[in-house]
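Step one of this worksheet: look at the structure below.
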Amino acid sequence: MDLGLAGRRAAVAAASKGLGFACAQALASEGARVAICGRSKERIEAAAARIGDGCVPLVADVSTPEGAGGFVAEARAALGGLDVLVTNAGGPPPGNFATVPFENYTAGLALNLLSVVAMCQEAVPGMQAQHFGRVVAITSISVRQPIPNLILSNTARAGATGFLKTLAREVAGDGVTVNSVQPGTHATQRIRDVYGDLDDAAAGIPTGEVGRPEDFGAVVAFLCSDAARFITGAAIPVDGGAYAGLL
């Protein structure tokens with residue numbers, strides 16, 4: 001299936017590894033020109049080299065709105081415009097209501113909510129002007145089912161989902177779609193570090209295995225395609241059926 005991504009210009013945040021890298025790789029494999037960012041010059045350049053196809057490595061820290069918006073501006077300049085934005089960032093520290101002090105919420109919201117807003121504010125007006133754009137945000141299955149001891153992430157990603165749904169309805173008539181993808185447990189280095197044995201990480205997943213990052217990347221690439229032009233405002237779980245709710 002031709003996704004119609006050849007020649008499209010895509011910015012993928014926090015893509016030196018994990019799901020961000022998988023998304024950038026999937027877009028590049030479909031012929032998109034991709035710019036990626038990470039905090040380490042060495043790691044992001046190594047990631048760009050693995051992706052190949054002229055992938056542009058940029059050093060940026062998307063944990064602040066300034067860094068997030070700056071990445072999109074640099075990516076647009078490097079690519080000569082922007083058709084696709086994939087927002088992504090790491091998660092804030094763990095903790096619950098009793099252990100997380102109020103002041104920590106500021107950094108958590110900046111990382112997983114305000115960075116999304118900043119990237120969209122930088123990217124979407126240009127997409128509206130050209131009457132084409134795809135925004136896909138990597139959030140978390142915790143938006144549907146809060147994860148214990150991750151109160152900062154649960155709070156910020158739920159807020160980001162509300163922002164994205166509102167934005168989607170406002171810009172749909174301009175040829176811009178806005179969706180989010182909610183990963184469950186995938187075979188990233190972070191999951192390996194946490195669980196050690198991926199069989200343990202797969203416990204409770206109906207498919208009996210953790211997800212492959214490349215499969216997640218393929219879902220994101222599809223949402224960026226011409227074929228997905230009638231999908232907007234969606235929040236799609238990619239979790240092997242782990243989420244048990246009806247809605």
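Computed from the coordinates by the stated procedures, all read-outs in this text should not be read as laboratory data. Not measured: the values here are computed from a predicted model. With ideal geometry, Cβ positions are generated from the backbone for all residues, glycine too; neighbour counts draw on all protein chains shown.
Numbers at a glance
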{"item": "Under-5 Å amide H pairs with ILE236, H placed in peptide plane, nonlocal only", "result": "SER180, VAL181, GLN182"}
{"item": "Rounded tilt (10° steps) of 65-79 against the dominant C-alpha axis of the chain", "result": "40"}
{"item": "10 Å Cβ shell holding at most 10 others, DSSP loop, chymotrypsin sites (Phe, Trp or Tyr not before Pro): longest site-free stretch of the chain", "result": "103-229"}
{"item": "Degrees separating the helix 151-171 axis from the principal Cα axis of the chain, which is the longest one", "result": "30"}
{"item": "Positive dipole terminus of the chain, leading residue within ALA28, ALA123, GLY184 (C-beta point charges)", "result": "ALA123"}
{"item": "Between helix 18-29 and the chain: long-axis angle, C-alpha atoms, 0 to 90°, nearest 10", "result": "30"}
{"item": "Student exercise, the chain dipole from Lys, Arg, Asp, Glu Cβ charges, in Debye to nearest 20", "result": "300"}
{"item": "Residue-span extension gain [ALA203 to ALA244] - 0.36 nm each, minus C-alpha spacing", "result": "13.4 nm"}
{"item": "Whole-Å distance, taken between Cα centres, linking the range 1-44 and the range 45-62", "result": "8"}
